[in-house]
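Each remark here refers to the structure printed beneath this line.
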Amino acid sequence: MRSTLRGVRLILLGVRGSTPAPGADFVRYGGHTSCVAVVPDGSDTPSLVLDAGTGLRDLTPRLGGQPYRGSILVSHLHWDHVQGLPFFIAGDRPDAQVDLYVPAQNGRTGRDLLAAAMAPPNFPITPEGLQGSWTFTALDSGYHVIEGFRIRATEVRHKGGRTFGYRISDDTGSMAYVPDHVISGGIDNEVRDLIHDVDVLLHDAQFVESERRLADAYAHSTVDDAVNLARECGVRHLVLFHHGPARTDEALDAIASSFTKGTITAAAQGDVIDVRRG
Ligand SMILES: [Zn+2]
Ligand SMILES: [Zn+2]
């Protein structure tokens with residue numbers, strides 16, 4: 001559907017890391033795991049989704065009864081980034097058309113990489129059990145064009161399998177999506193380049209400085225890591241993302257209020273973020 005809205009918009013459908021966080025202390029920032037819908041310039045309908053965490057379930061009611069026709073870029077295969085996939089009703093119907101990409105690794109097909117977690121006895125169905133027309137691609141790092149966006153996929157340091165950060169741009173603006181990334185051991189130049197000068201960066205901020213030992217052990221970033229990286233790379237708007245599942249609304253309010261609003265914000269489920277170059 002055409003829209004008079006200009007520029008790319010991001011709909012944050014899930015902002016947690018590790019595991020969903022239901023409960024009264026998590027209502028405002030939301031409990032779903034990582035998932036972001038990308039609405040192209042001049043459209044009302046997302047054609048690209050970043051990660052398939054449990055937040056993917058919330059895309060279905062936003063499509064107004066229509067099937068999903070578009071792509072899903074998965075940063076890596078940890079549960080919190082793929083578990084929404086079999087519960088995505090708009091993508092699991094005969095008229096759905098979905099191209100899913102996962103980071104290439106170990107010479108395996110995209111289907112087989114996904115089926116390592118999504119197949120009996122771990123789950124009732126395999127990837128081809130999804131209705132509609134699905135493709136599963138093992139994506140190489142480098143430059144791609146997907147759904148009309150210029151996409152750069154760059155390997156980032158994390159733990160347990162290959163992880164990509166993505167830079168997504170069109171003529172109206174640019175954003176980078178790096179939900180899981182450990183910084184304390186050093187930042188690769190390719191990663192600086194991936195993030196350099198973007199309008200919006202969604203970055204891992206799972207831990208705070210007092211939890212540094214855990215951040216390093218689990219290969220994640222702290223809020224300070226994300227802030228320093230964003231400043232160094234000239235990011236215009238940093239969105240702290242992939243909050244720890246125990247981080248309450250109150251704790252996230254305290255983090256968010258320590259920064260200038262509009263420049264550094266804490267991701268909240270349901271937020272719509274304008275990527276357009278200011
Ligand atoms: Zn994660
Ligand atoms: Zn991870």
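A short reminder: the numbers here are calculations on the coordinates, not readings from a lab. All values derive from a computational prediction rather than experimental measurement. Neighbour counts are summed over all protein chains in view; Cβ atoms, including those assigned to glycine, are modelled from backbone coordinates with ideal geometry.
Mind checking whether some residue in the stretch 84-94 is crowded, with 24+ Cβ neighbours inside 10 Å, in a loop (DSSP other than H, G, I, E, B) and either within 16 Å of ligand 2 (Cβ to nearest atom) or touching a residue at least 60 places away in the same chain (Cβ under 8 Å) (or both)?
Yes, the stretch 84-94 has at least one match.
Would you list the strands (runs of 3 or more DSSP E) that sit entirely within the stretch 118-222 and hold 2 or more residues that are surrounded by 20 or more Cβ atoms within 10 Å (Cβ to Cβ), on the phi < 0 side of the Ramachandran plot and among the hydroxyl-bearing types (Ser, Thr, Tyr)? Quick ask: steps written out before the conclusion?
Details: elements: 133-139, 142-146, 149-155, 164-170, 173-178, 200-204.
It comes to 173-178.
List, please: which pairs have Cβ atoms under 8 Å, are six or more places apart or on different chains, and start with a residue in the stretch 217-246 that is closer than 22 Å to Ile273 by Cα and of a type in the set (D, E, K, R) and end with one that is part of a strand (DSSP E or B) and away from ligand 2 (no atom under 16 Å from the Cβ)?
Arg236/Val200
Within the stretch 227-278, how many residues are surrounded by fewer than 15 Cβ atoms within 10 Å (Cβ to Cβ) and either assigned to a helix (DSSP H, G or I) or within 16 Å of ligand 1 (Cβ to nearest atom) (or both)?
Counting residues in the stretch 227-278 that are surrounded by fewer than 15 Cβ atoms within 10 Å (Cβ to Cβ) and either assigned to a helix (DSSP H, G or I) or within 16 Å of ligand 1 (Cβ to nearest atom) (or both) gives 8.
Which condition number in (1) part of a loop (DSSP other than H, G, I, E, B); (2) touching a Pro at 6+ places or on another chain (Cβ under 9 Å) is the one that Tyr29 fails?
If we test Tyr29 against (1) part of a loop (DSSP other than H, G, I, E, B); (2) touching a Pro at 6+ places or on another chain (Cβ under 9 Å), just (2) comes out false.
Quick one: what pairs do we get from the stretch 59-76, first residue under 15 Å from Arg93 (Cβ atoms), second of a type in the set (S, T, N, Q) and away from ligand 2 (no atom under 16 Å from the Cβ), C-beta under 6 Å, 6+ apart or different chains?
If the second residue must be of a type in the set (S, T, N, Q) and away from ligand 2 (no atom under 16 Å from the Cβ), the pairs left are Arg69/Gln97; Gly70/Ser47.
What tally of residues in the stretch 152-165 results from selecting those that are out of contact with any helix residue (DSSP H, G or I) (no Cβ under 8 Å at 6 or more places or on another chain) and either under 14 Å from Asp51 (Cβ atoms) or small (Gly, Ala, Ser) (or both)?
Residues that pass the stated criteria total 6.
Looking only at residues in the stretch 49-79 that are in a helix (DSSP H, G or I) and among the hydroxyl-bearing types (Ser, Thr, Tyr), which one is farthest from Asp99 (Cα to Cα)? First the steps, then the outcome.
First, the residues of the stretch 49-79 that are in a helix (DSSP H, G or I): 54-63, 79.
If we keep only those that are among the hydroxyl-bearing types (Ser, Thr, Tyr) as well, we get 54, 60.
Working: Thr54: 18, Thr60: 17 Å.
Among those residues, the one meeting the criterion is Thr54.
Can you pull out every residue in the stretch 1-36 that is among the small types (Gly, Ala, Ser) and over 17 Å from Leu201 (Cβ atoms)? Walk me through it before giving the result.
Applying the first criterion (among the small types (Gly, Ala, Ser)) to the stretch 1-36 yields 3, 7, 14, 17-18, 21, 23-24, 30-31, 34.
Once the filter is applied, which keeps residues that are among the small types (Gly, Ala, Ser) and over 17 Å from Leu201 (Cβ atoms), the stretch 1-36 yields Ser3, Gly14, Ser18, Ala21, Gly23, Ala24, Gly30, Gly31.
Residue by residue, here is whether (1) at positive phi; (2) small (Gly, Ala, Ser); (3) within 16 Å of ligand 1 (Cβ to nearest atom) holds:
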| residue | (1), (2), (3) |
| --- | --- |
| Leu56 | no, no, yes |
| Pro61 | no, no, no |
| Arg69 | no, no, no |
| Asp80 | no, no, yes |
| Pro86 | no, no, no |
| Ala90 | no, yes, no |
| Ala96 | no, yes, no |
| Tyr101 | no, no, no |
| Thr109 | no, no, no |
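If a residue must be in contact with a strand residue (DSSP E or B) (Cβ under 8 Å, 6 or more places away or on another chain), within 25 Å of Asp58 (Cβ to Cβ) and β-branched (Val, Ile, Thr), how many such residues does the stretch 233-263 contain?
Here the count works out to 2.
List the number of the failed condition for Gly70; all other conditions in (1) closer than 18 Å to Leu130 by Cα; (2) within 16 Å of ligand 2 (Cβ to nearest atom); (3) among the small types (Gly, Ala, Ser) hold.
With respect to (1) closer than 18 Å to Leu130 by Cα; (2) within 16 Å of ligand 2 (Cβ to nearest atom); (3) among the small types (Gly, Ala, Ser), Gly70 is out only on (2).
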